[in-house]
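The values are calculated or read from the model by the stated rules, or taken from the named source; none is laboratory data. The shown structure was predicted, so the numbers you read here are calculated from the model rather than taken from an experiment. Glycine gets a Cβ as well: all are built from the backbone with ideal geometry, and neighbour counts include every protein chain shown. Accessible surface is based on the protein model in full, side chains and every heavy atom, while ligands, DNA and RNA are left aside. Shrake-Rupley method; radii C 1.70, N 1.55, O 1.52, S 1.80 Å.
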Amino acid sequence: MCDSARFLCGIAHFQTGSFLVIKLLINTLTFWHGFCSKIYIKMSYYMKKLIAIITLFCASSVWAQEETLSLTLSQAIEIAQQNSPEAKAARHTYRAAYWNHRFYKANYLPSLTLTSSPYFNKQISKITQPDGTNLFAKQNQLGVDVNLKVNQNVWFTGGSLFIKSNVQRMDELENNVTAYSTQPIVVGYEQALFGYNSLKWDRRIEPIRFREARKAYNEALELVASQTCNHFFNLATAQTNLDIASSNHASADTLYRYARGRYDIGTITENEMLQLEINKLTEETNMMNARIEVEDQMQILRSFLGINREVTLRVITENEVPTFEIPLVDALKMAFENSPEPDTYERMKLQSQSNLAYAKANAGLKADLYVQFGLTQTDDKFRDSYRNPMNQQYASIGISLPILDWGRGKGQIRVAKSNVDLVNTQAEQGMKDFELNVARMVRQFNLQSQYVKVASKTDRTAERRHDVAKKLYILGKSTILDLNASITEKDAARRSYISSLKSYWALYYGLRSMTGYDFQHNRKIEENYPEI
């Protein structure tokens, strides 16, 4: 019995323990399930964040690639001549000159003018009677007039010939009386005698001014091209400096690592190893400075080209330049024909002579002549006011003669004469300087292509010498001084080559602006004037 009881009690204790173990297992599984669920949720959250960051990075990379613009010199010039602030200013200046020229030409064409000045008058006025006495009378009037006038300026005399016709109506409202006055046709002429004839001088000056403006517009576009060359090659120089610094830094780092190994085995001195470390640090500094220079020059070029968005510019320089010579005689001929500078000096001389004529006219006798002949009639009916018109004549002349002006007129004439002599001297010297500038630029350009060839060959030779010096140093057959000298020569040769390209294209487009001629294709530069 006791054994049976012990057995049953054992079974009960076993069941109780099993139950506790099972419960513990269930609780453990529940805990791990919740823990794993939380981990899964957090991992899902961070995975989404990671995917978003990767997507944004990829999108940024694609965007950066889309906003990188590679430009050749011809492409940069084309953009600048369309969008640069200087090109836009040149177009606005030309449009202003065009409308000024239209205004000048309109002064020599007939004009038709319609005028009218109706009025209403209701007041008490003092009126002089035939016997000389004055009375105050009440007035209540309505007046209407219409005047049609055709005017034609006469440029060789400075006068004005006109034909006009007018009609007036007067209504006395108090007495209910209406009257008409008509001038069916009137022919007249007005003239300032001994005066300054602005029409005559404008006829000589204004065509030259407009021709000057047309040439100046073409010159301005070529000057934009020349300025584009400067900005383009400034960025090319900055990019070249960055490429040089990056290459030199990579080479210096490799040599420094190699030198550390040689120093550890005692084949080079500590001084030589430290020199290579200094080279590495120097090139790292050069690389950082070059990056800043690239950003600055890129911003300047973007602004000049009229590109307002943040786009990365990469300029591509051509290794070859056209080889041709410009004959000096042809360059001078084209410069005198197509440059605005000769027209500028001619206009300045004519304007000084015009100012002298104006001073003489104001200092002496002045007279104004006015004559007109026509028909006139009046009646209380409009139709009858045109019947049986009477002749009318009117003539007047006004005279003004300075008697005592304390030398003002004479002084103005002397100043104007001195200005004529000054302008003539300036124009003569200016044309000599212009001719000398053209000749100087032609000589420089004809030699510049040879400079480019020599600089290109020097660049390639210096690069090869550097490679040889680097290999000899690695083999221990050269010193650090020879290596540094080869690096300096290589960098200087590369920069000199870019500078020679810049000078070539600056001279080329400078000559195009001065001569208005494309000597490379042997043709006159096309005149592409803006729309008005």
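Observations
- Count Lys and Arg as plus one, Asp and Glu as minus one, and take only other residues whose Cβ is under 14 Å from that of SER117; the net charge is then +1.
- Spin-label pair ASN100/THR178, simplified geometry with 7 Å Cα→Cβ offset, distance in nm: 5.3
- Per-peptide average of other Cβ atoms within 10 Å, ordering 202-208, 519-525 highest first: 202-208, 519-525
- A Förster radius of 60 Å, combined with the Cβ-Cβ distance separating ASN484 from LEU422, puts the computed FRET efficiency at roughly 0.50.
- Sites LYS88 and GLN444 - FRET efficiency at Förster radius 35 Å, r taken between beta-carbons, to 0.05: 0.70
- In the range 282-394, the convex hull through the Cα atoms has an average projected area of 24.2 nm², a quarter of its surface area.
- Per residue, the range 77-184 exposes an accessible area of 66 Å² to a 1.4 Å probe, with every protein chain left in place.
- Rough spin-label spacing in nm, given labels placed 7 Å along Cα→Cβ, for ARG203 and ARG387: 4.7
- In this label model, PHE136 and LEU404 are separated by 4.6 nm, measuring between points 7 Å along each Cα→Cβ vector.
- Per-residue extension of 0.36 nm, minus the Cα-Cα distance of GLU527 and LYS453, leaves a gain of 23.3 nm for this segment.
- Over the chain, relative contact order from alpha-carbon pairs under 8 Å, at least 6 apart, %: 18
- If you plug the beta carbon distance of ALA492 and TYR108 into 1/(1 + (r/R0)^6) with R0 = 56 Å, you get a FRET efficiency near 0.30.
- According to the Cα-based calculation, Rg over Rh for the chain is 1.35, with Rh computed by the Kirkwood formula.
- With DNA, RNA and ligands ignored, accessible area of THR240 (1.4 Å probe; Å², nearest 10): 20
- Whole-Hz couplings from phi, Karplus 6.51/-1.76/1.60, listed for the range 156-167; x for Gly and Pro: 6, 10, x, x, 9, 9, 9, 10, 9, 8, 8, 9
- Taking all protein chains as shown and a probe of 1.4 angstrom, VAL468 keeps an accessible surface of around 80 Å².
- Degrees between helix 408-474 axis and first principal axis of the chain (Cα, 0 to 90, nearest 10): 20
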